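Readers should treat all values here as calculations from the given coordinates under stated rules, not as data from a laboratory. Owing to the predicted nature of the structure, the values given are computational and were not obtained by experimental measurement. Methodologically, a virtual Cβ is constructed for each residue, glycine included, from the backbone with ideal geometry; neighbour enumeration extends over all protein chains shown.
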Amino acid sequence: MEAVAEKPLTIPGFPRPLKNHEMIVNMGPQHPSTHGVLRLELIVDGEVIVDMIPHIGYLHRCFEKHAEYMSNYQQVIPYCDRMDYIAAMSNDLGYAIACETMLGIKVPERVEYIRVIMAELQRIASHLLAIGTFGMDIGAFTPFLYCFRDRERILDLFEQTCGARLLYNYIWIGGLSHDVPPDFAGKVADFCTSFKPTIKELNSLLTHNKIFVERTAHVGVLQADVAVNYGASGPVLRGSGVEWDLRRNDPYSIYDRFEFDIPVGRGEVGTVGDCWDRYIVRVREMEQSLRILEQAIGQIPEGNVQSAIPKRIRPDSADLYVRTETPKGELGYYIVADGTTSPSRVKVRPPTFVNLSILPAMSRGAMIADVIAILGSIDIVLGEVDR
Amino acid sequence: MGRYFKNIFDAVRTILIGMRITARHLFTPSVTIQYPDVKLKLPARARNRLYVNMDDCIGCDQCSMACPVNCITIETIKSTSDVDLGVTSVGSKKRLYVPVFDIDIAKCCYCGLCVYPCPTECIKMTEVFEFSEYERENLIYNFATMTPAEVDDAKRKLAASESTAATKPAPASRGTNS
Amino acid sequence: MKELLVDLLGNELLVYVLMAFVPLLWILPFALFAVWWERKIAAHMQDRLGPMRTGGWHGWAQTIADILKLIQKEDIIPTAADRLLFSLAPFVVFIGAYTAFAAIPFSAAYVGTEINIGLFYIIAVSSFVVIGLLMAGWSSNNKWSLFGAMRSAAQVVSYEIPIALTLLAVVMIVGSFDLQEINRAQSGSILNWFIFQKFPLLFAAALIYFVASLAEVNRTPFDIPEAESELVAGYHTEYGGMKFALFFLAEYANMFAVSIIAATVFLGGWNSPFGEALSGPLWGVFWVLSKSMGFVFVQMWLRWTLPRLRVDQLMYVGWKVLIPFSFVIILGVGFWVLLEG
Amino acid sequence: MIPQEILDTLIKQFPGVTFELKKAGSGDPSILVPPDRILDVSRFLRDDDRMAFDSLMCLSGVDYTGGRMGVVYHLDSMTKRHKVTLKVEVSDDQPECQSVESVWKTANWHEREAFDLFGIRFAGHPDLRRILLPDDWVGHPLRKDYELPEYYRGMKVPY
């Protein structure tokens, strides 16, 4: 206690020396609500956040270095799975599309439809987890388990298709690893019908709960222009009222064939761009994903699930950036090929890495409990932030 | 002032709605199962522990090369022309002894990439998922069936045939290991 | 009851000591049961099963196994902690929760100390808890603990006001702080229970008392002192083993204490809901315990339904909602009593 | 607007600066910008009404080997719906480039990452620290000439 520093304390990343009444609180790397090993150095005045310095990299697994050292392009996919392990399908999809664009491959129609179905199921699964953990951050434990219950049903579908529940390695360059099981479409349809009442229940239990609204409305407001300047994407950007979804605005795969709306935050219970808006965007996106699923399952054509590609992919030296809309936002792969069988550089633009960089700007002036809410509303996955 | 009372009213109303939902769930059957006593049947495609049928392995090293985490170690010894190692169940002729076929299942990432390139379909992922061990060494699975004596024997034979081959200009014999 | 025992044993001091242990005989099994019960309720509300293995039938022995484990654990005191305060704090908290039981009437025949300011005494000693929480938070020398302690101090002190005010409304009607007196005033019929009298004033008072008592015992939605998603575990972050168990015990003892007060003051205490039928000293124990268990159940039910409030919203609810309403109730009840003569 | 038009506008706007349009194979076409003008160019691209590149999708460091390293900027205009790729080439031994953090805040963490993994110094960056690796890590691992250290704080690095 007597070791109060005589000279003012300076912190890397914080522009000025600490004032006397300010205190540093380390939130993380081991903390129940940092969704992994994220460390937030909070500079607080009582319970009010003066500034925050995020420290990431605790889960850095050298994805980009690994990708360069793989002996072929295909081997990168299991590593892509492990970036955003909550939405591994979407990660694989982005990488596969990037490689296919580079090789100029057109995948069969059946593959495109199955990919869209998988990506949308994955979006629902990921949003369920995001919503559930967000509720738990606010203190509601029960919705979390209801969300997990339904997420398990999606994972069951995935397991029946590709044998894995979390890290699928299902979407391959030029196709898929397996065809879907025979009764897949029926099961997805069953899921769609039975999932709708659950969303309603979730809405009455959590979304419109007064305490939940009080905790999230007007908290962590992110203005649209700030969001764009910070490069926010996904529900974080749409929560700020920007109608921007790559599935619509920069269509990839066959998303231009489906009808769906882009839900945006409208500030129904608070300010546009607050935590509740980001949350409700996710809930409504699940409904839209169900719409896409219902359209897609009826149209799956027959056909092959692997296009004829060489065993060893060897693209010409080129570089390109391909982006897809994962549940968390814009996932970009910048791939530099040098004419060999392995990529020379794979840079990933993880959506949550960028979204997380807005956290200090959103949290200044908020309270400690709000930081938890804001962090939960961004929906980070540290596997992807740190790669 | 109206807002004040509306807030209180909303709070009470939404809390009661929430309580109704949780109370209803109190009497719905639970979705969890008692795991070690009750087990779900895994789908046929479940990707879990790797298994290698050594009778069919031709030592081609394809699985090892496909592995993104290098968890498969294969060593081969060329057989001499006088030995017949038999054929695999799909009919390809075995030309290599496989004295070492180790899978470090602790490193394995269960991606299944090793299964597809195998020409004889001898490596596959099984449904076994309960195989935790107390010692890390126990997770290195040795699939090779050759005894040390057999390995030595094969090596000696190969060395002998190579030394004879070196004396006369024989056509370079290439293994399937490409 | 006391006189009876004094006659039986012939030693007044021995009787006092014995009677001091009687609530413990109830609190310990209750805590063990309530923890298991809460886990079961939580599980079934969440479509799970909860503990199922220990002890056979629905894991009934789970909490006994837990407490045995906690007893065996090493007693760790962080080097940077203030050793004396750190070790003392759980006891202070538990004493605060336990002493309240001295004045709680379990039956028409049994009350630990029949003092004529029983209710006043309970309100006074239950604020003892906050000292323990502050001690725990401060002595842990952990910023999260300190946050938890500061929050709980602010919370408990604020919410004692609506608690005291709503209880005061009943006291005004009965004209006594004596809990047995309050019980007797509600006897006869279910309609004599205070929750149904002077409708809706005392009904609202009961509601306010219940909400405020949730905050008093740090239950959701007012569990911010130990909000596990924010403050890790609040003031007991650094505690383990038996010391942690004591905090836990105190929490459940407190839960039960506020519930039994609610049952006594508003729901007729040991009075049977069927008038004179099924009443008597033992039936009294049954009625008061089941009423308070009902309150405990609602506390658990709320916990697994609701999110938690933020610290400033908690203060808002306390000072701007509950306290003004309690004043209105006091005023209304006062006039009502005055007009009735 | 296609990259060629953007290039023409840039040449008109910045006389005396050499820009170069490149396209390799199936890749994206890109405009090569000198490292000391990238800030001006970025600001122009963001603020000019015809361009309106309001968002920086991605900023990546690349080691091209042979003494050349690069920074690649993928810009996107959400209002005009067009994209462009800017490239900056720097030398291997003294990689230094202007920071565009003041133009797009996204660049803050991306530039820290490029500094961390490639050692490219971004002049004018407010807080250029390592981001993914530990603060005391030696070297910049994504460079092609990077050699894995034997030990890090007494721990053996290759397991």
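Observations on the model:
- Spatially, the range A:340-364 and the range C:258-281 are offset by 63 Å when compared through their Cα centroids.
- Divided by 2.2 N^0.38 Å, where N counts the residues, the Cα radius of gyration of the range A:217-341 comes to 1.33.
- C:Val22 paired with C:Val337, simple spin-label distance in nm, labels 7 Å along Cα-to-beta-carbon: 2.9 nm
- Per-residue mean of C-beta atoms belonging to partner chains within 10 Å, peptide C:169-182: 0
- Loop-located GluC sites (Glu not before Pro) in the range D:60-154, at most 10 other Cβ atoms within 10 Å (DSSP): D:Glu147, D:Glu150
- Debye-formula intensities of the range C:1-72, expressed as log10 I(q)/I(0) at q = 0.13, 0.21, 0.25, 0.26 Å⁻¹, are -0.56, -0.85, -1.06, -1.11 (one equal scatterer per alpha-carbon, no solvent).
- Over all orientations, the range A:63-386 has a Cα convex hull whose mean projected area works out to 15.1 square nanometres.
- Paramagnetic label reach from C:Asn141 (point 7 Å along Cα→Cβ; backbone nitrogen cut-off under 14 Å): within the range C:196-240, residues C:238.
- Förster radius 25 Å - calculated FRET efficiency between B:Lys107 and B:Asn53 (Cβ-Cβ, nearest 0.05): 0.75
- Backbone geometry of the range C:201-210 corresponds, through the Karplus equation with coefficients 6.51, -1.76 and 1.60 at θ = phi - 60°, to 3J(HN,Hα) couplings of 4, 6, 4, 4, 4, 4, 4, 5, 4, 5 Hz, x marking Gly and Pro.
- Convex hull of alpha carbon positions in the range A:328-377: directionally averaged projected area 4.3 nm².
- Seen through its C-alpha gyration tensor, with square-root eigenvalues sorted a ≥ b ≥ c, the range C:37-97 comes out prolate because a/c lies at 1.5 or above while a/b is bigger than b/c.
- Normalised by 2.2 N^0.38 Å, where N is the number of residues, the C-alpha radius of gyration of chain C stands at 1.01.
- Rounded if a/c under 1.5, otherwise prolate or oblate - the range C:270-337, Cα gyration tensor axes: oblate
- Rounded to whole Å, sorted largest first: equivalent-ellipsoid semi-axes of the protein assembly as shown, Cα gyration tensor: 62, 36, 28
- Residues in the range D:54-64 carry Karplus couplings, in order, of 7, 9, 9, 5, 7, 10, 10, x, 9, 9, 8 Hz; the curve used is 6.51 cos²θ - 1.76 cosθ + 1.60 with θ = phi - 60°, and Gly or Pro positions show x.
- For the range D:3-156, the gyration tensor built on C-alpha atoms gives a prolate shape. Its axis ratio a/c (a ≥ b ≥ c) is at least 1.5, and a/b is the larger of a/b and b/c.
- Partners of B:Lys6 within straight-line reach, counting aspartates and glutamates whose Cα lies under 17 Å from its Cα and excluding those fewer than 8 residues away in the same chain: A:Glu214, A:Glu268.
- Using bins of 10 Å that start at zero, the share of Cα-Cα pairs per bin across the range A:186-289 amounts to 15, 39, 32, 12, 1, in whole %.
- Packing rank of C:36-42, D:5-11, where each peptide gets the mean count of other beta carbons within 10 Å, highest leading: C:36-42, D:5-11
- The Rg/Rh ratio for chain B is 1.37, where Rg is the radius of gyration of the alpha carbons and Rh is the Kirkwood radius.
- Per residue of D:17-29, other chain Cβ atoms within 10 Å of the residue Cβ number 4 on average.
- Candidate aspartates and glutamates - alpha carbon under 17 Å from B:Lys157, same-chain residues fewer than 8 apart omitted: B:Glu75, B:Asp82, B:Asp84
- Divided by 2.2 N^0.38 Å, where N counts the residues, the Cα radius of gyration of the range C:186-328 comes to 1.19.
- Taking the square roots of 5 times each eigenvalue of the Cα gyration tensor of the range A:76-129, largest first, gives ellipsoid semi-axes of 21, 15, 6 Å.
- Across the range A:347-360, rounded Karplus estimates of 3J(HN,Hα) from the backbone phi angles (6.51 cos²θ - 1.76 cosθ + 1.60, θ = phi - 60°) give 9, 9, 9, x, x, 6, 4, 6, 5, 5, 5, 7, 3, x Hz, Gly and Pro being marked x.
- Take each residue in C:319-329, count the other chain C-beta atoms within 10 Å of its C-beta, and the mean is 1.
- Gaussian network model of chain C, springs between alpha carbon atoms under 10 Å - residue of C:Asn192, C:Asn11, C:Asn183 with greatest fluctuation: C:Asn11
- When each of A:Lys106/A:Lys311; C:Lys40/C:Lys320; A:Lys65/D:Lys87; A:Lys347/B:Lys124 is checked by Cα-Cα distance, pairs over 24 Å: C:Lys40/C:Lys320; A:Lys347/B:Lys124
- Inter-label distance, nm, simple model (7 Å from Cα along the C-beta direction), B:Tyr4/C:Leu191: 3.5 nm
- Beta bridge orientation in the protein assembly as shown: antiparallel %, DSSP, nearest 5: 90 percent
- Qualifying aspartates and glutamates (Cα of each under 18 Å from Cα of B:Lys41; at least 8 residues distant if same chain): A:Glu152, A:Asp156, A:Glu159, A:Asp183, B:Glu127, B:Glu130
- Each stretch of four or more DSSP H residues adds -39500 (n - 2.57); spread over every residue of the protein assembly as shown, this sum gives -14500 deg cm²/dmol at 222 nm.
- Here the simple spin-label model places points 7 Å from the Cα toward Cβ, and for A:Lys19 and B:Ala160 these points are separated by 9.0 nm.
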